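Coordinate-derived values only; no laboratory data. Predicted, not measured: the structure shown is a model, and the values here were computed from it. Please note: Cβ atoms are built from the backbone with ideal geometry, for glycine as well, and neighbour counts cover all protein chains shown.
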Amino acid sequence: MWAHSMTVQDYQDLIDRGWRRSGKYVYKPIMNQTCCPQYTIRCRALHFQASKSHKKVLKKMLKFISKGDVSKVTSEEEPMDSHIEDVATCDFPYKSESQVSQSDLTPLAVDQAERVENEDKDSGETKEEGNVQKVESDSVQVCADKDTPVPAEASHSAKAVHAPPKPGKGADLSNPPCRKAKDIRKERKLQKLLQNQMGTAEGSKLQGDQAFLLQNSKSKTNQPKNIEDFVFVPLPDDAQHKLEVRVVRSSPPSSQFKATFQESYQVYKRYQMVIHKDPPDKPTINQFTRFLCDSPLEAEHAPNGPECGYGSFHQQYWLDGKIIAVGVIDILPYCVSSVYLYYDPDFSFLSLGVYSALREIAFTRQLCVKAPDLCFYYMGFYIHSCPKMRYKGQYRPSDLLCPETYVWTPIEQCLPLLEHSKYSRFNQDGKAVDEGRLKELGRVRVLHKRTVMPYSVYKKRRKGPSDEASVQQYASLVGQTCSERMLLFRS
């Protein structure tokens, strides 16, 4: 349907029934008939946990900004819908905080222990994160390997010898739990310092307390990094580049949007020609405006809403004073909805599709501070039957929308069903129905001859063949609530 004007609440309710917009054109796939069912997907932004590949992209951007390092990576061609670069399959499991592996964790600097670690220069390779240098050697765990000495251990130290666990019995409980080599080195270095400073007797007396403190600090230091730890890290004064992200309202266009329109359009044109192989005459200004600038959403502000308000925006990525990427987004009552992403092909090596998705998740979390209901990140459609479109399932935890009852279902429960059949009802309660379904066709609001009236009145006034079938289809797809709020134009 063509949407001339729409409130953000109406559009929120529509996308929660499987609708999406392209400019002012709002559409809904008929899921059980289309060749490639498109399931609405959302990420629970507040609980989002970055995967290893996500962290690599964030670190790559940090290195580029701070040091000017350019990683040579093969860029993937992107499909049309939003963020695409990371197109690997989405089969990694969602991990709770207690299940995150050691290799996902980055210890924080801790007072004297950090200074001790930095003195231990022979025991690991130097790793750079942003502008901070740390000596990490590293996520190697000391794990009951037979006759394996602890890394960086003094040559006279005793070797750790542990019996392997019995088959089927799990870990051998008689052995000490696995510990990181780095923690062991910290503890031993601290013990040596204490012994040198206070004498052997007093040092021995304190080493038990120190070991206890180190052990207790482990749970605090081994916390996984959030996106914000990568995105908002302070840069050194001599950083090679400056990256700034600006949010400008695109509809109605703000003064900042108008001032940068031509530059933004040129980035879009290059993107379409290089990435999507469009001929030069296809990405015109009119096409760009209709596709990514025009929006039916009315601009709204609320006392308990985000400072920028609700509606349609462009999130511009400025590198050293020029636009290199633009994320087109809608800010709605419960979510940030991603519409599209385009970027300068010269910067493909920065994996801007993935990076912008992570920045939009971080942006959602920022907005949630002021607007607590706004806590989801909608990524458009998840298409399981198209391998290149499965990348959206990598942003966990996420949910898919049941195409029959319109309830959200964790993606882990949906994937086995989709492997069996490309179209699936996710709600396993056979008695469950669409709670927002059409109940009274007569109450649907229509606009006829500049007059608003219920369909029951319009039906009596109408001359010519009945249009009840098309009105019935419209109302059943938008639901009873929206059909009574929105106006269906009848000529």
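So how far, in whole Å, is the C-alpha centre of segment 387-411 from the one of segment 304-383? Value for the Cα centre distance between the two parts: 19 Å. Amide H to amide H distances under 5 Å link L400 with T409, I411, where only residues 5 or more positions off or on other chains count and H is placed in the peptide plane.
Remark: the Cα gyration tensor places segment 441-490 in the oblate category, a/c being 1.5 or greater and a/b not exceeding b/c. Net length available on complete extension from V407 to H301 is 35.3 nm, with 0.36 nm assigned per residue and the Cα-Cα distance removed. Roughly what would the spin-label model give for R461 and T34, points 7 Å off Cα along C-beta, in nm? Roughly 3.6 nm, to one decimal.
Would you please give the FRET efficiency between Q366 and K388, computed as 1/(1 + (r/R0)^6) with r the Cβ-Cβ distance and R0 = 25 Å, to the nearest 0.05? Given R0 = 25 Å and the Cβ-Cβ separation, E is 0.25. Computed extension gain for V233 through K67, at 0.36 nm per residue and net of the alpha carbon distance, reaches 58.3 nm.
Please give the Cα centre distance for segment 429-463 versus segment 1-50, rounded to the nearest Å. Segment 429-463 and segment 1-50 have Cα centres spaced 22 Å from each other.
Across segment 441-490, Cα pairs under 8 Å and at least six residues apart give a relative contact order of 51 percent. Judged by the gyration tensor of its Cα atoms, with axes a ≥ b ≥ c, segment 329-482 is prolate; a/c meets the 1.5 cut and a/b is the larger of a/b and b/c. Between S421 and A259, the simple label model (points 7 Å from Cα in the Cβ direction) yields a spacing of 5.6 nm.
Which of the residue pairs K56/K370; K55/K182; K431/K459 have a Cα-Cα distance greater than 24 Å in the structure shown?
Correct reply: K56/K370; K431/K459.
Extension gain, Y25 to R450: 0.36 nm times the residue separation minus the Cα-Cα distance gives 150.8 nm.
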